[in-house]
Amino acid sequence: MKHLKNLFDNNRHWACQTTQDNPEFFKVLSMQQNPDYLWIGCSDSRVPANEIVGLLPGELFVHRNVANVVVHTDHNCLSVMQYAVEVLKVKHIMVVGHYACGGVKAALDGEKLGLIDNWLRHVVDVKEKHIDKLNLIEDYEKRVDTLCELNVIEQVKNVSQTSIVQDAWDRGQELTVHGWVYGLKDGHLRDLNSCTTNSKELLGIYQQATKEVFER
Ligand code: CO
C-alpha cells in the first residue's frame, strides 16, 4: 500500500488535467527550463511562490528558507543564485517576505526555539540595526510587519552584494533585484521600492527604501 495515497491521487489528477489542457506540456518542459525569475522566499506553507504570481512550472526558479534570509556564506542559496544567474540567465531576482512571518516574530521577541535561533540571528541583526525606531511602534503586529519589510530590504542588499550579482552587473548582464512583501490576509504582493539594477544605486536605494518603511 502506498503511503500518503491522497497526495499521489492529487498528483495523477493534476498531471492528467495539465496534459488535457496542453498535451505537449510535460514533453516541452522535460527538455528545458527557461525561467526569467528567481524567487527567494520564506518556507511558510501559506506562501506558494508560483501560485501567487500565476506562473507555471518552468517559469520560476525558487529558493525558500525560513524568513527569506540571504547569508553571504550560505552555499545552498548562493549555488541557487549562481545557477540562476549564470546558467539560466534569469533577468529578475525577487526577495519575497511576508507579513506576520513566524521567523521574524521569533527574532523580534527573542524567542528560543533551538537550532533555528542561529539562523534567525541574521534577522535579529536587522532588528538591532533599527531597534530605536522599531521600539517607537506601539502596535505589536505593526512592529512585526515593519521588521518583515526591513528584513526584505536588507536581503535585497545582501543579494546585490554577492559576487554573483556584482559579476553579472560588471559583465553588463541585465539583472534586477526586487524586494516584495506578501500579505497573508489579502493575498496581495507589495513592492518595497528597493528595486536595484546596478552597484552604484544600491546604497542610495537601500537607504531610501528603509526610510520609507517607517513613513508608512
Ligand atoms: Co515566514
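The GluC sites (Glu not before Pro) of the stretch 131-216 that meet both conditions, a loop assignment by DSSP and at most 16 other Cβ atoms within 10 Å of the site Cβ, are E138, E174, E215. When the scattering of the stretch 1-70 is computed by the Debye formula from its Cα atoms alone, each counted once and equally, what is log10 I(q)/I(0) at q = 0.12, 0.28 Å⁻¹? Evaluating at q = 0.12, 0.28 Å⁻¹ gives log10 I(q)/I(0) of -0.45, -1.15. Let a ≥ b ≥ c be the square roots of the eigenvalues of the Cα gyration tensor of the stretch 123-170; is it rounded (a/c under 1.5), or, if not, prolate (a/b larger than b/c) or oblate? Cα axes put the stretch 123-170 in the prolate bin. Toward the positive end of the charge dipole of the chain, with +1 on the Cβ of Lys and Arg and -1 on the Cβ of Asp and Glu, the farthest Cα among G183, A84, L108 is that of A84.
Across L202, L4, the residue with the most accessible area heads the list, and the full order at a 1.4 Å probe is L4, L202. Name the most mobile residue of V177, V80, V159, meaning the one with the largest mean-square fluctuation, in a Gaussian network model of the chain with Cα contacts below 10 Å. For the chain, modelled as a Gaussian network with Cα springs under 10 Å, the answer is V80. To put it simply, the accessible area of the stretch 1-84 at a 1.4 Å probe is 56 percent carbon and sulfur. Think of it as helices only: each DSSP H run of n ≥ 4 in the chain is worth -39500 (n - 2.57), and spread over all residues that comes to -15000 deg cm²/dmol at 222 nm.
Under the combined filter of DSSP loop state and at most 11 neighbouring Cβ atoms within 10 Å, the stretch 48-143 retains these trypsin sites (Lys or Arg not before Pro): K112.
Residues in the chain average 56 Å² of solvent-accessible surface per residue, probe 1.4 Å, ligands and nucleic acids excluded. Of all the options D117, D139, D167, the one that moves most in a Gaussian network model of the chain with Cα springs shorter than 10 angstrom is D139.
Between D170, D44, D145, the residue with the greatest mean-square fluctuation in the GNM of the chain (Cα pairs under 10 Å linked by springs) is D170. For the stretch 1-82, GluC sites (Glu not before Pro) are listed when DSSP marks them as loop and at most 13 other Cβ atoms sit within 10 Å of their Cβ; the list is E24. The long axis of helix 199-213 is offset from the longest Cα principal axis of the chain by roughly 70 degrees.
Electrostatic bookkeeping for S199 treats Lys and Arg as +1 and Asp and Glu as -1; over the other residues with beta carbon under 15 Å from its beta carbon, the sum is -1.
The values are calculated or read from the model by the stated rules, or taken from the named source; none is laboratory data. In this text, all values refer to a predicted model and were calculated from it rather than measured experimentally. So basically every Cβ, Gly included, is an ideal-geometry build from the backbone, and we count neighbours across all protein chains shown. Ligands, DNA and RNA are stripped out before the accessible areas are found, and what is left, the full protein with its side chains, is counted by its heavy atoms. Shrake-Rupley method; radii C 1.70, N 1.55, O 1.52, S 1.80 Å.
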